[in-house]
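Presented below is the structure to which this report refers.
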Amino acid sequence: MKESLPAVASNFTTLCKKCDAERYHKVIAHVDTTKAKVECEVCGKKSTYKLPSAKKKVTRKRVSKAASAENQWEALKEKTDLSSVAPYTIKGTFEAETAIEHPKFGLGVVTMSLATKIQVTFQDGERLLVHNRD
């Protein structure tokens, strides 16, 4: 729905820059289809009122999480030695750049190792797992 200017000699509220507040303004004349000369009812300041322009929809290129996880997985797989894959257990201790086999998530590579947690990159994404529990 296209917005139109208020009729000449009618009052409407809009921001008055001199008063710095929403005030009633009287339409004096239409300049064109999108602009009108208006006068503030309180301070008498004459200004040009413009119809608000329709906001353009910004389209952003989305990067799929699955695609970026796949790329990261492929890079880690090439960099890591997959000949010695350790089975994942909560009681086990794992270092960074170690390949593990998880019973539910499958083959993964440890990317970060903390005292009791490890960040593991699997084919479908990253997960935070616990380890080194007694």
Task: For the stretch 1-81: span of alpha carbons on each principal axis (Å, largest first) - done: 80, 27, 16
TODO: Over the stretch 11-50, calculate the relative contact order: mean separation of alpha carbon pairs under 8 Å at least 6 apart, over the residue count, as a percent.
DONE: 30
Task: Helix 65-79 vs. the chain, principal-axis angle (Cα, 0 to 90°, nearest 10) - done: 30
Task: Pairwise FRET efficiency - residue 57 versus residue 31, Cβ, R0 = 35 Å, nearest 0.05 - done: 0.80
TODO: Tell me the label-point distance for the pair residue 95, residue 9, using the 7 Å Cα-to-Cβ offset, in nm and rounded to one decimal.
DONE: 9.0
TODO: Note down the relative contact order for the chain as a percent, whole number, built from C-alpha pairs under 8 angstrom at least six residues apart.
DONE: 14
Open item on the list: Using a 7 Å offset from the Cα along the Cα-to-Cβ direction at both residue 86 and residue 133, what is the distance between the two label points in nm, to one decimal?
Closed with: 1.7
Open item on the list: Helix-only estimate, please: 222 nm mean residue ellipticity of the chain, summing -39500 (n - 2.57) across DSSP H runs of length 4 or more and dividing by its residues, to the nearest 500.
Closed with: -3500 deg cm²/dmol
Task: Phi-based couplings in Hz for the stretch 102-112 (Karplus 6.51, -1.76, 1.60; Gly and Pro marked x) - done: 9, x, 9, 8, x, 6, x, 10, 6, 9, 8
Task: Charge dipole (debye, nearest 20) of the chain; +1 at Cβ of Lys and Arg, -1 at Cβ of Asp and Glu - done: 1240
Open item on the list: Along its three principal axes, how long is the stretch 66-130 when you only count alpha carbons? Whole Å, largest extent first please.
Closed with: 32, 23, 20
- [ ] Rank by packing, highest mean first: peptides 10-22, 44-56, 68-80, with packing defined as the count of other Cβ atoms within 10 Å averaged across residues.
- [x] 68-80, 10-22, 44-56
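Just so you know, all these numbers are worked out from the coordinates, no wet-lab data involved. Note that the coordinates shown come from a computational prediction; the quantities given were computed from them, not determined experimentally. Backbone-built Cβ (ideal geometry, glycine too); neighbour counts: all protein chains shown.
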